[in-house]
1. Name the residues whose placed amide hydrogens come within less than 5 Å of the amide hydrogen of Asn60, ignoring near sequence neighbours (fewer than 5 apart) on the same chain.
2. With no solvent and one point per C-alpha, what does the Debye sum give as log10 I(q)/I(0) for the chain at q = 0.16, 0.25 Å⁻¹?
3. Under the Karplus relation 6.51 cos²θ - 1.76 cosθ + 1.60, θ = phi - 60°, what is the ordered set of whole-Hz ³J(HN,Hα) values for segment 75-84, x standing for Gly and Pro?
4. Testing the spin-label approximation: label points 7 Å from Cα along Cα→Cβ at Asp8 and Cys79. State their distance in nm.
5. Would you please state which residues of segment 1-36 a label at Leu55 would reach in this model, taking the label point 7 Å out along Cα→Cβ and a backbone N cut-off of under 20 Å?
6. Counting only protein chains, not ligands or nucleic acids, how are His68, His31 ordered by accessible area (probe 1.4 Å), most first?
7. Taking all protein chains in place and a 1.4 Å probe, what share, in percent, of the accessible surface of the chain do carbon and sulfur account for?
8. Using only the heavy atoms of the protein chains and a 1.4 Å probe, how would Asp36, Asp8 rank by accessible area, largest first?
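The values are calculated or read from the model by the stated rules, or taken from the named source; none is laboratory data. Treat the numbers as computed from the prediction; the structure is a model and nothing was measured. In this analysis, Cβ positions are derived from the backbone assuming ideal geometry, glycine residues included, and neighbour counts consider all displayed protein chains. The protein model used for the area step is the full one, side chains on, heavy atoms only, and it has no ligands, DNA or RNA in it. Shrake-Rupley method; radii C 1.70, N 1.55, O 1.52, S 1.80 Å.
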Amino acid sequence: VCLPGNVDWQVPENYTKSMAVNFHAPVHIIHELLQDLKSVKGSRIMQISSVCGMLAQPTNSAYCSTKHALEAYSDSLRCELTPY
């Protein structure tokens, strides 16, 4: 979900909606599948993100925030799941 607009135009609900779809949904799905994935050798989790996860853009603060969060979460998963 991308709700573009300058920061001073954005209402907090736009950030909440963007986070729910772009960040919380993948977290919930991975949480539900994680034990099964860990039990199968060679399992992979593939996240689809955006360059906005690394480079913030003007008028895209809500979207970029969610993609930064997803990048950090994915990095943490990679570190924690390497033994599996």
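1. The list, which skips near neighbours in sequence, is Gly5.
2. The calculated log intensity ratios at q = 0.16, 0.25 Å⁻¹ are -0.64, -1.17.
3. 4, 5, 4, 4, 5, 6, 9, 3, x, 9
4. 3.8 nm
5. 2-7
6. His31, His68
7. Details: 3650 of 5880 Å².
After summing per-atom areas, the C and S share lands at 62 percent.
8. The ranking, largest first, comes out as Asp8, Asp36.
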